[in-house]
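Quick notes on the structure that follows.
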Amino acid sequence: MKKGCLVAAGIILLLIIFLGIWFISGYNRVVRLDEAVKASWRQVDTVLQRRYDLIPNLVNTVKGYAAHEREIFTEITKLRSQWASARTNQEKMKAARGMEGAISRLLLVAENYPDLKASENFLSLQTQLEGTENRIAVQRMRYNESVRTFNTYIRTLFGSFFARIRGLTEPAAYFEAEEKAREVPKVEF
(Lines give C-alpha, C1' and ligand atoms only; values in the text may rest on other atoms or scores of the structure.)
Protein backbone atom coordinates (compact mmCIF):
# COMPACT_ATOMS: atom_id res chain seq x y z
CA MET A 1 0.00 0.00 0.00
CA LYS A 2 2.85 2.38 0.88
CA LYS A 3 4.59 1.53 -2.38
CA GLY A 4 1.41 2.35 -4.35
CA CYS A 5 1.05 5.68 -2.53
CA LEU A 6 4.67 6.56 -3.27
CA VAL A 7 4.21 5.74 -6.97
CA ALA A 8 1.02 7.83 -7.10
CA ALA A 9 2.75 10.70 -5.27
CA GLY A 10 5.68 10.43 -7.71
CA ILE A 11 3.35 10.53 -10.70
CA ILE A 12 1.49 13.54 -9.27
CA LEU A 13 4.79 15.29 -8.55
CA LEU A 14 6.01 14.63 -12.11
CA LEU A 15 2.69 15.91 -13.48
CA ILE A 16 2.97 19.08 -11.39
CA ILE A 17 6.56 19.59 -12.56
CA PHE A 18 5.53 18.99 -16.20
CA LEU A 19 2.60 21.44 -15.94
CA GLY A 20 4.85 23.99 -14.23
CA ILE A 21 7.45 23.76 -16.99
CA TRP A 22 4.72 23.95 -19.65
CA PHE A 23 3.19 27.02 -17.99
CA ILE A 24 6.49 28.85 -17.58
CA SER A 25 7.53 27.99 -21.13
CA GLY A 26 4.26 29.22 -22.65
CA TYR A 27 4.25 32.39 -20.55
CA ASN A 28 7.85 33.18 -21.46
CA ARG A 29 7.23 32.51 -25.15
CA VAL A 30 4.50 35.14 -25.43
CA VAL A 31 6.81 37.62 -23.67
CA ARG A 32 9.70 36.79 -26.05
CA LEU A 33 7.46 37.20 -29.10
CA ASP A 34 6.14 40.53 -27.83
CA GLU A 35 9.68 41.74 -27.24
CA ALA A 36 10.72 40.55 -30.71
CA VAL A 37 7.96 42.71 -32.24
CA LYS A 38 9.12 45.71 -30.18
CA ALA A 39 12.78 45.16 -31.09
CA SER A 40 11.90 44.79 -34.78
CA TRP A 41 9.97 48.04 -34.64
CA ARG A 42 12.96 49.81 -33.06
CA GLN A 43 15.06 48.73 -36.04
CA VAL A 44 12.43 50.09 -38.44
CA ASP A 45 12.30 53.27 -36.38
CA THR A 46 16.08 53.65 -36.59
CA VAL A 47 16.29 53.34 -40.37
CA LEU A 48 13.28 55.61 -40.82
CA GLN A 49 15.00 58.21 -38.66
CA ARG A 50 18.07 57.90 -40.88
CA ARG A 51 15.84 58.63 -43.85
CA TYR A 52 14.43 61.71 -42.17
CA ASP A 53 17.93 62.93 -41.35
CA LEU A 54 19.13 62.46 -44.96
CA ILE A 55 16.18 64.00 -46.75
CA PRO A 56 16.81 67.65 -45.77
CA ASN A 57 20.28 67.36 -47.34
CA LEU A 58 18.84 65.91 -50.52
CA VAL A 59 16.11 68.54 -50.60
CA ASN A 60 18.61 71.39 -50.15
CA THR A 61 20.75 70.01 -52.97
CA VAL A 62 17.78 69.74 -55.30
CA LYS A 63 16.36 73.13 -54.24
CA GLY A 64 19.26 74.94 -55.84
CA TYR A 65 18.37 73.44 -59.20
CA ALA A 66 14.60 73.25 -58.93
CA ALA A 67 13.54 76.36 -57.06
CA HIS A 68 10.08 76.33 -58.66
CA GLU A 69 9.22 72.82 -57.39
CA ARG A 70 8.01 74.18 -54.04
CA GLU A 71 5.09 71.79 -53.60
CA ILE A 72 7.30 68.74 -53.10
CA PHE A 73 9.62 70.57 -50.70
CA THR A 74 6.67 71.81 -48.67
CA GLU A 75 5.20 68.31 -48.50
CA ILE A 76 8.52 66.78 -47.44
CA THR A 77 8.89 69.37 -44.68
CA LYS A 78 5.34 68.66 -43.51
CA LEU A 79 5.91 64.89 -43.53
CA ARG A 80 9.19 65.27 -41.63
CA SER A 81 7.32 67.27 -38.97
CA GLN A 82 4.60 64.61 -38.80
CA TRP A 83 7.29 61.97 -38.28
CA ALA A 84 8.91 63.96 -35.49
CA SER A 85 5.61 64.54 -33.68
CA ALA A 86 4.24 61.00 -34.15
CA ARG A 87 3.51 59.31 -30.83
CA THR A 88 2.41 55.83 -31.92
CA ASN A 89 3.78 53.24 -34.31
CA GLN A 90 0.71 53.70 -36.52
CA GLU A 91 1.31 57.46 -36.78
CA LYS A 92 4.95 56.83 -37.70
CA MET A 93 3.91 54.23 -40.28
CA LYS A 94 1.51 56.73 -41.86
CA ALA A 95 4.20 59.43 -42.07
CA ALA A 96 6.69 56.92 -43.50
CA ARG A 97 4.26 55.83 -46.21
CA GLY A 98 3.65 59.45 -47.17
CA MET A 99 7.38 60.11 -47.34
CA GLU A 100 7.89 57.20 -49.75
CA GLY A 101 5.63 58.89 -52.29
CA ALA A 102 7.29 62.26 -51.79
CA ILE A 103 10.75 60.76 -52.28
CA SER A 104 9.63 59.19 -55.55
CA ARG A 105 8.34 62.54 -56.79
CA LEU A 106 11.52 64.31 -55.63
CA LEU A 107 13.68 61.87 -57.59
CA LEU A 108 11.47 62.38 -60.64
CA VAL A 109 12.02 66.15 -60.34
CA ALA A 110 15.75 65.50 -60.30
CA GLU A 111 15.41 63.61 -63.60
CA ASN A 112 14.37 66.88 -65.26
CA TYR A 113 17.63 68.62 -64.32
CA PRO A 114 20.67 67.11 -66.08
CA ASP A 115 23.15 69.30 -64.17
CA LEU A 116 21.68 68.11 -60.89
CA LYS A 117 22.00 64.46 -61.88
CA ALA A 118 25.71 65.06 -62.52
CA SER A 119 26.30 66.78 -59.16
CA GLU A 120 28.50 64.70 -56.85
CA ASN A 121 26.53 65.85 -53.81
CA PHE A 122 23.26 64.78 -55.37
CA LEU A 123 24.64 61.44 -56.53
CA SER A 124 26.09 60.74 -53.09
CA LEU A 125 22.86 61.65 -51.33
CA GLN A 126 20.81 59.67 -53.81
CA THR A 127 23.01 56.61 -53.21
CA GLN A 128 22.67 57.01 -49.45
CA LEU A 129 18.92 57.43 -49.79
CA GLU A 130 18.64 54.33 -51.97
CA GLY A 131 20.66 52.38 -49.40
CA THR A 132 18.41 53.68 -46.65
CA GLU A 133 15.30 52.69 -48.58
CA ASN A 134 16.72 49.18 -48.97
CA ARG A 135 17.43 49.02 -45.23
CA ILE A 136 13.89 50.18 -44.53
CA ALA A 137 12.49 47.45 -46.79
CA VAL A 138 14.55 44.77 -45.02
CA GLN A 139 13.62 46.02 -41.53
CA ARG A 140 9.93 46.31 -42.48
CA MET A 141 10.05 42.71 -43.68
CA ARG A 142 11.66 41.58 -40.41
CA TYR A 143 9.15 43.58 -38.39
CA ASN A 144 6.23 42.08 -40.30
CA GLU A 145 7.68 38.58 -39.78
CA SER A 146 7.83 39.24 -36.02
CA VAL A 147 4.28 40.55 -36.08
CA ARG A 148 3.10 37.46 -37.99
CA THR A 149 4.77 35.12 -35.51
CA PHE A 150 3.34 36.99 -32.52
CA ASN A 151 -0.16 37.31 -33.99
CA THR A 152 -0.20 33.63 -34.95
CA TYR A 153 0.86 32.57 -31.48
CA ILE A 154 -1.77 34.66 -29.66
CA ARG A 155 -4.44 33.12 -31.90
CA THR A 156 -3.52 29.53 -30.98
CA LEU A 157 -5.35 27.73 -28.20
CA PHE A 158 -2.60 27.80 -25.59
CA GLY A 159 -1.02 30.98 -26.97
CA SER A 160 -4.22 32.94 -26.41
CA PHE A 161 -4.34 31.61 -22.85
CA PHE A 162 -0.85 32.89 -22.09
CA ALA A 163 -1.43 36.13 -23.99
CA ARG A 164 -4.54 36.86 -21.86
CA ILE A 165 -2.57 36.19 -18.67
CA ARG A 166 0.14 38.62 -19.87
CA GLY A 167 -2.40 41.19 -21.13
CA LEU A 168 -1.26 40.88 -24.76
CA THR A 169 -4.56 40.11 -26.47
CA GLU A 170 -4.36 42.79 -29.19
CA PRO A 171 -2.67 41.70 -32.41
CA ALA A 172 0.33 43.81 -33.45
CA ALA A 173 -0.12 46.05 -36.51
CA TYR A 174 1.58 45.14 -39.78
CA PHE A 175 3.57 47.83 -41.59
CA GLU A 176 1.81 47.83 -44.94
CA ALA A 177 2.43 49.86 -48.06
CA GLU A 178 0.07 52.68 -48.87
CA GLU A 179 -2.39 52.11 -51.73
CA LYS A 180 -0.66 54.80 -53.82
CA ALA A 181 2.56 52.77 -53.69
CA ARG A 182 0.94 50.16 -55.92
CA GLU A 183 0.62 52.68 -58.77
CA VAL A 184 3.39 52.89 -61.34
CA PRO A 185 4.96 56.36 -61.23
CA LYS A 186 4.81 58.37 -64.45
CA VAL A 187 8.11 59.59 -65.81
CA GLU A 188 7.88 62.39 -68.34
CA PHE A 189 10.73 64.04 -70.20
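The values are calculated or read from the model by the stated rules, or taken from the named source; none is laboratory data. Predicted model, so just to flag it, every value in this text is computed and none were measured. For neighbour counting, all protein chains shown are included, and Cβ atoms are generated from backbone atoms with ideal geometry for every residue, glycine included. Remember, those area values only see protein heavy atoms, side chains included, never the ligands or the DNA or RNA. Shrake-Rupley method; radii C 1.70, N 1.55, O 1.52, S 1.80 Å.
Worth pointing out:
- Scanning the range 32-50 for residues being open to solvent by 20 Å² or more (accessible area, probe 1.4 Å), within 13 Å of Ala163 (Cβ to Cβ) and in contact (Cβ under 8 Å) with a residue 24 or more places away in the chain gives a total of 2.
- Among the residues of the range 108-138, those identified as modelled with pLDDT under 75, part of a helix (DSSP H, G or I) and not hydrophobic (A, V, I, L, M, F, W, C) are Glu111, Pro114, Asp115, Lys117, Glu120, Asn121.
- Conditions (1) open to solvent by less than 60 Å² (accessible area, probe 1.4 Å); (2) free of Cβ contacts under 8 Å to residues at least 24 places away in the same chain; (3) out of contact with any Pro (no Cβ under 6 Å at 6 or more places or on another chain); number of the one not met by Ala173: (2)
- Matching option when the condition is outside any loop (DSSP other than H, G, I, E, B), at pLDDT below 70, open to solvent by less than 100 Å² (accessible area, probe 1.4 Å) and among the small types (Gly, Ala, Ser), among Ala163, Ala181: Ala181
A quick yes/no check of all residues on (1) under 30 Å from the mean Cα position of the chain (by Cα); (2) within 19 Å of Leu129 (Cα to Cα); (3) assigned to a helix (DSSP H, G or I):
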residue: Gly4; (1), (2), (3): no, no, yes
residue: Phe18; (1), (2), (3): no, no, yes
residue: Ile24; (1), (2), (3): yes, no, yes
residue: Arg32; (1), (2), (3): yes, no, yes
residue: Val47; (1), (2), (3): yes, yes, yes
residue: Tyr52; (1), (2), (3): yes, yes, yes
residue: Glu71; (1), (2), (3): yes, no, yes
residue: Ser81; (1), (2), (3): yes, yes, yes
residue: Ile103; (1), (2), (3): yes, yes, yes
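- Check on Lys63, modelled with pLDDT under 80 and open to solvent by 70 Å² or more (accessible area, probe 1.4 Å): yes
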